[in-house]
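Participant: Pasting a structure below so you can have a look.
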Amino acid sequence: MRSLDPTEDFAIQLVRRFLVLCEHPRTSERMLRVVARSSQSGDDAPRILRWLNRALLLPHLRRGNRPISAMKWELVVSQMFGMATMRYLLELEPIASADREDVVAMTAPGVVAVLRGPDRVFTGVADATTVRGQK
């Protein structure tokens, strides 16, 4: 599944990459540990966000795409973590047994909606070192 719209294409690739990282034998344990920890408060949150920036956001920026505001990035990450919690940690049906591409097709439009939303709410830019808009 690909799109001619760059924002839509990025969302599809992002969700797919996230799911692959959650399912791949070499990365799934670490990814699901990150997802599980994300719902707990504590000092791990900035480290988790930095790791996600490196794993998911930097490849996008390296391809010459425009930066994403920190607020949008945190909203996208929250959608992905919620989906992963339902699918992998709680194993709720029907999402737990759904085909990966079906999950991509149903999750990507929500990511697109966030990415196309207004930036005027918060203008800090997410990068490899930014956490909640602060360096």
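The values are calculated or read from the model by the stated rules, or taken from the named source; none is laboratory data. Note that the structure is a prediction, hence the values are computed from the model and not measured. Neighbour counts run over all protein chains shown; Cβ positions are idealised from the backbone, glycine included.
Participant: Any idea how many residues of the stretch 58-70 are in a helix (DSSP H, G or I) and either modelled with pLDDT under 70 or surrounded by fewer than 20 Cβ atoms within 10 Å (Cβ to Cβ) (or both)?
Facilitator: Total satisfying the criteria: 5.
Participant: Test R26 against the stated conditions and say whether it is in a helix (DSSP H, G or I), among the basic types (K, R) and at pLDDT 70 or above.
Facilitator: So R26 does not fit the description; no.
Participant: Could you give me the residue pairs with C-beta distances under 7 Å whose first residue belongs to the stretch 110-128 and is at pLDDT 80 or above, whose second residue is part of a loop (DSSP other than H, G, I, E, B) wherever it lies, and which are 6+ apart or on separate chains?
Facilitator: L115/I68
Participant: Would you point out the residue of the stretch 83-101, among those that are more than 19 Å from F10 (Cβ to Cβ) and not hydrophobic (A, V, I, L, M, F, W, C), that is surrounded by the most Cβ atoms within 10 Å (Cβ to Cβ)?
Facilitator: Only one residue tops the list, namely R87.
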